[in-house]
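Step one of this worksheet: look at the structure below.
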Amino acid sequence: MTDAPSLESLTEALLSAARSAGAEAADAMAVASTSLSIDTRAGALEQAERSEGTEIGLRVFVGKRQACVSGSDLRAETMATMAERAVAMARLAPEDPHCGLADPSQLAQGWDVAALDLADVGSEPEAAALQEAALACEAAAAGVSGVTQVESTSAGFGRTRIHLAASNGFSGGYMRTGHMLSASAITGRGTAMDRDHCYEHRIYHGDLPTPAEVGALAGERAAARSGARKPPSGRFPVLYDERAATSIIGHLLSAANGAAIARGSSWLIGKVGEAVLPEALSLTEEPHRVRISGSRPFDGEGLPTRASLLVENGRLARWVLDLASARKLGLESTANAARGTSAPPSPSVSNVTLTPGSASRNELLSSMGTGLLVTSLIGSTINPNTGDYSRGASGFWIENGEIAYPVHECTIAGNLLDMLASLTPANDAKAHKSHRIPSLLVEGLTLAGA
């Protein structure tokens, strides 16, 4: 049996095949992944899945035309066929004056993958250990008073290795791992059922909470929802719990995406340099945080990543750009390209941190008087041009600064520009998350409930 080819050798073979097929430039990506997951229910194994595989992708350029192909057959003859098809496709593709590889002077040099600590080497668990963890998680959730059923529990592991190479001279790769535990619990019966969950993910197994902790938290969250009802309708302050607050900043990041700006479909067009958050708040991209899943030494086009401000002292500082969107806007890439094996790069952020506040979540609850604490969101209606916002929500009704009762089946609505301008952050952001966003109090949203 011969050893499997390295990812680096696969990308070099793809580039060689592209040159032979007539490509003027090309980049290639190889991704090897392993995943293992165990699901349990009612104290027994429900499902076990394991997958391993290597995917390869090739992007070729013929003048200002490009095409992408991908596959999982690693034989040399298959790669030659892929390259020939890609070049043929590129010759028929419409011209794109903004496509193309980075100039060699833009490429990352001398990065330190080890310093990012993205892989828990040698940590792949046995299936039996994952099943034991999932069962312990389930037992802990079931043991919480008020829980009538544990809907599901899961334990899993994933490992991904990537390598990117291009005809402009770039070649680099890295590996990341992930360990996961989750539980979903139900309170009530029939039409009175309500549910909540807990999901935890870490690069290192040793950083993961115990199964008992994850299960108990899922059970406690579900039990707290017993007797949920619709809240009153009207205009009230809304506190987004840390679990839901990331979505608000996510809408800001989506609107700042260079692809949306270039299309002319963003409510942030023309807002660079203008206030989008309160003056005391900044939003920073931090792609080199240690042991964080979103960290990366270079982006999907081989450019060096670096910490930079997206919002500085309340004012929008920049767009989120890859090479193509930057060229369309007459700007420089911000090293935010992300990609898979089957499509060209597109802009995407890595880790972000919002300036924390000085108050705890409970202190913000006290200050809001009467309103809604949101712990879960469903659905999304966002007008990309105006920022008008409407989402389904559940959580807890607040009276006199304290939790009065759980609520569900309500809709919250407003405008994102107004919402972001009135944010008050708590100090409860979770340090292990890629998006380090605390609970956020928003003034004056419209609630449609009872």
How far, in nm, would the chain grow between ALA280 and SER171 when pulled straight, counting 0.36 nm per residue and subtracting the alpha carbon separation?
35.2 nm
Given the peptides 393-403, 252-262, arrange them by the average over their residues of other C-beta atoms within 10 Å, most packed first.
252-262, 393-403
Span-rule helices in the chain, defined as complete DSSP H runs reaching 20 Å or more along the axis (Cα) with Kyte mean at least 1.0:
127-142
First select every other residue whose beta carbon is under 14 angstrom from the beta carbon of THR187; then total the charges, Lys and Arg +1, Asp and Glu -1.
+1
Whole number in Å², please: accessible area per residue of segment 228-367, 1.4 Å probe, ligands, DNA and RNA not counted.
38
If I compute solvent accessible area with a 1.4 Å probe over the protein chains, what percent of it on the chain is carbon and sulfur?
50
Simple label model, 7 Å out from Cα along Cβ direction - ALA192 to ASP388, nm:
3.9
By accessible area of protein heavy atoms, probe 1.4 Å, what ranking do LEU92, LEU239 get, highest first?
LEU92, LEU239
Listed highest first by mean packing, meaning other Cβ atoms within 10 Å per residue, what order do 133-141, 279-287 come in?
133-141, 279-287
Place a point 7 Å from Cα of ALA413 in the direction of its Cβ. Which residues in segment 421-450 have their backbone N less than 16 Å from it?
444-450
The answer for trypsin sites (Lys or Arg not before Pro) in segment 66-151 that fall in a DSSP coil and have at most 14 neighbouring Cβ atoms within 10 Å is ARG75
ASN362: net charge of surrounding residues, Cβ under 13 Å, Lys/Arg +1, Asp/Glu -1, itself excluded?
-4
Computed helical MRE - 222 nm, the chain, DSSP H runs ≥ 4 contributing -39500 (n - 2.57), nearest 500
-7000 deg cm²/dmol
Leaving ligands and nucleic acids out of the surface, order ASP117, ASP103 by accessible area at 1.4 Å, largest first.
ASP103, ASP117
Here, GLN47 and LYS230, labelled 7 Å along Cα→Cβ, have an inter-label distance in nm of 3.4
Taking log10 I(q)/I(0) by the Debye sum over Cα atoms at q = 0.09, 0.14 Å⁻¹ straight from the coordinates, which label in (i) -0.70, -1.35; (ii) -0.64, -1.34; (iii) -0.87, -1.32 is the correct one?
(i)
Spin-label point model (7 Å from Cα, Cβ direction): what's the ASP117 to SER380 distance in nm?
3.1
Straight distance only, please: which aspartates and glutamates reach the Cα of LYS230 with their own Cα at less than 15 Å, same-chain residues fewer than 8 apart left out?
ASP194, GLU399, GLU409
Return the FRET efficiency for the residue pair SER366, TYR199: r is the Cβ-Cβ distance, R0 is 25 Å, and the value is rounded to the nearest 0.05.
0.30
Using 0.36 nm times the number of residues separating GLU132 and ARG291, minus their current alpha carbon distance, what extension gain do you get?
54.7 nm
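The values are calculated or read from the model by the stated rules, or taken from the named source; none is laboratory data. Model, not experiment: these values are computed from the prediction. Please note: Cβ atoms are built from the backbone with ideal geometry, for glycine as well, and neighbour counts cover all protein chains shown. Please note that ligands, DNA and RNA were not included when accessible areas were found on the heavy atoms of the full protein model with its side chains. Shrake-Rupley method; radii C 1.70, N 1.55, O 1.52, S 1.80 Å.
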